[in-house]
1. Looking at 77, 43, 47, can you tell me which residue is assigned to a helix (DSSP H, G or I) and within 30 Å of residue 14 (Cα to Cα)?
2. Condition (residue is surrounded by 10 or more Cβ atoms within 10 Å (Cβ to Cβ), in contact with a strand residue (DSSP E or B) (Cβ under 7 Å, 6 or more places away or on another chain), part of a helix (DSSP H, G or I) and touching a residue at least 12 places away in the same chain (Cβ under 8 Å)) applied to the range 15-33: is it met by at least one residue?
3. Got a number for residues in the range 42-54 being surrounded by fewer than 14 Cβ atoms within 10 Å (Cβ to Cβ) and under 28 Å from the mean Cα position of the chain (by Cα)?
4. Going by the conditions given, is residue 84 at pLDDT below 95 and surrounded by 12 or more Cβ atoms within 10 Å (Cβ to Cβ)?
5. Test residue 89 against the criterion of being surrounded by fewer than 14 Cβ atoms within 10 Å (Cβ to Cβ) and at pLDDT 95 or above, and give yes or no.
6. What is the one condition in (1) surrounded by 16 or more Cβ atoms within 10 Å (Cβ to Cβ); (2) farther than 20 Å from residue 19 by Cα that residue 74 does not satisfy?
7. In the range 55-71, how many are surrounded by fewer than 16 Cβ atoms within 10 Å (Cβ to Cβ) and under 27 Å from residue 24 (Cβ atoms)?
């Protein structure tokens, strides 16, 4: 079964290979993003029990903002990959 894509004709195996590649980057992005959030949360509690002064505040904000920037596309693309896989399963059963 061939599918017509705007960049040309791609077979199902090409699309699945591309989807697997995107899925690997999504998993990596989620790990990095959530790790940055974990660092930010730990730093927050350290700073909460001490004082909110010094360079750790900058590190906290950098980790929090970087985690958001990395997680946003990762989460959106993970939903896209899951929807495409679900659509493929439904197309195979019909």
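1. One residue alone meets the criteria, 77.
2. The answer is yes; a qualifying residue exists.
3. 3
4. yes
5. No; evaluated as a whole, the condition is false for this residue.
6. Residue 74 satisfies all of (1) surrounded by 16 or more Cβ atoms within 10 Å (Cβ to Cβ); (2) farther than 20 Å from residue 19 by Cα except (2).
7. Going through the range 55-71 one residue at a time, the tally reaches 4.
The values are calculated or read from the model by the stated rules, or taken from the named source; none is laboratory data. Computed from a predicted structure; not experimentally measured. Quick reminder, even Gly has a Cβ in these numbers, built from the backbone with ideal geometry, and neighbours come from all protein chains shown.
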